[in-house]
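Inspection log for the structure reproduced underneath, given as structure tokens.
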Amino acid sequence: MKYAFFPGCVLESAAKEDYLATVAVAKKLGIELEELDGWTCCGASHVQDIAPEITLATNARNIALAEEKGLNLLTVCNTCTLMLREAKNELDANEKEKNEVNKKLAQIGKQYRGTTDITHFLWVLIRDYGLDKLKAKVVKPLTGLRVAEYYGCHILRPQTEMGFEDYQMPTSLAELISAIGATPIDFSRKLDCCGFHAVYPAHDSVMQMTGSINKDAATEGADCVVTPCPLCQMQLDMFQKEAKEVVGGGKDMPILHMSQLVGLALGISPEEMGMPKRHLTDTAAVTKFVG
């Protein structure tokens, strides 16, 4: 099982711990990740609003890099997944646009063909690898750990672009959490937006959103929040202290990347996945469940 790996900007820097966890989990499961040489930012929240044609060509190039390897393209970022799938869907449905993009790519010796699928690590674990196989690999079941499943926006919506599951009643995270021995909390805010892309233009509103997600997770009995999106993880962790003041307190809530939670159950150490040093909110309340 092999994929072309598109880490995206945030895994290269601010969420390096998610990169470490993803690579470690994939290795443990025998999933081969071949990082794309020369990948570039998907342009989310910035470039597409100013120069959509450049964003389209850029992501066509990213996909073309995977096509050259003959591999499907895997990401771990919800927003990168959305941007790449939007580009693929648009190009596959519009021959004229595809030809225009290929004229640009020809200048650098590339061509978009439409032969590669765009997938997310969550989808791979469930659909390609399989939860039964994953469960068989668990060496430290996270028994007793109550996990608030938090999807965020872009891995579910718009459903025409993503299409993995029902965007109003998703089950993938709950199924994954159960497979590794933890208890999923059917979190009331699991479909809410974390506000990452609006934190600067709408700071006060976003702090209310972020604070409410963390506070309600605690109120509903969760020991931690897990998300398949590094942007959501950053938002809920990085701004947690400030957001708590806006919503009137609440306990500290560890915010984990999906790969980290899976990694703990597979016996990967918290240190190997950057948990003790790279999280702003202490993760000890989670790691105590694995000894």
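The values are calculated or read from the model by the stated rules, or taken from the named source; none is laboratory data. Predicted, not measured: the structure shown is a model, and the values here were computed from it. Cβ atoms come from the backbone with ideal geometry, glycine included; neighbour counts cover every protein chain shown.
The figures follow:
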{"item": "Residue check, Lys88 assigned to a helix (DSSP H, G or I) and among the basic types (Lys, Arg)", "result": "yes"}
{"item": "Count - residues of segment 3-35 that are crowded, with 20+ Cβ neighbours inside 10 Å and over 21 Å from Leu266 (Cβ atoms)", "result": "4"}
{"item": "From Arg157, Arg189, residue being assigned by TED's automatic domain parsing to the domain that holds Gln240, closer than 25 Å to Tyr129 by Cβ and either outside any loop (DSSP other than H, G, I, E, B) or of a type in the set (D, E, K, R) (or both)", "result": "Arg157"}
{"item": "Of all residues making up segment 254-291, the number that are assigned to a loop (DSSP other than H, G, I, E, B) and in contact (Cβ under 8 Å) with a residue 60 or more places away in the chain", "result": "8"}
{"item": "Qualifying residue in segment 52-71 (condition: out of contact with any Phe, Trp or Tyr (no Cβ under 7 Å at 6 or more places or on another chain), outside any helix (DSSP H, G or I) and at pLDDT 95 or above)", "result": "yes"}
{"item": "Of all residues making up segment 132-154, the number that are in a helix (DSSP H, G or I) and either farther than 15 Å from Thr183 by Cα or not assigned by TED's automatic domain parsing to the domain that holds Thr283 (or both)", "result": "5"}
{"item": "Hits in segment 166-195 - residues which are surrounded by fewer than 20 Cβ atoms within 10 Å (Cβ to Cβ) and farther than 16 Å from Val226 by Cβ", "result": "Asp166, Tyr167, Gln168, Met169, Cys193"}
{"item": "Candidates Val226, Val246 - the one that is more than 24 Å from Thr287 (Cα to Cα) and in contact (Cβ under 8 Å) with a residue 40 or more places away in the chain", "result": "Val246"}
{"item": "Matching entry among Leu74, Leu56 (being under 30 Å from Pro201 (Cβ atoms) and either of a type outside the set (A, V, I, L, M) or touching a residue at least 40 places away in the same chain (Cβ under 8 Å) (or both))", "result": "Leu56"}
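Here is a yes/no grid of residues against (1) in contact (Cβ under 8 Å) with a residue 60 or more places away in the chain; (2) under 30 Å from Arg278 (Cα atoms); (3) out of contact with any Cys (no Cβ under 9 Å at 6 or more places or on another chain):
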site: Glu12; (1), (2), (3): no, yes, yes
site: Glu17; (1), (2), (3): yes, yes, yes
site: Gly38; (1), (2), (3): no, yes, yes
site: Ala44; (1), (2), (3): yes, yes, no
site: Met83; (1), (2), (3): no, yes, no
site: Asn89; (1), (2), (3): yes, no, yes
site: Leu105; (1), (2), (3): no, no, yes
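Per-residue answers, yes or no, for (1) in a loop (DSSP other than H, G, I, E, B); (2) of a type in the set (Ser, Thr, Tyr); (3) modelled with pLDDT of 95 or more; (4) not assigned by TED's automatic domain parsing to the domain that holds Lys69:
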{"residue": "Thr22", "(1), (2), (3), (4)": "no, yes, yes, no"}
{"residue": "Asp37", "(1), (2), (3), (4)": "yes, no, yes, no"}
{"residue": "Ser45", "(1), (2), (3), (4)": "yes, yes, no, no"}
{"residue": "Gln48", "(1), (2), (3), (4)": "no, no, no, no"}
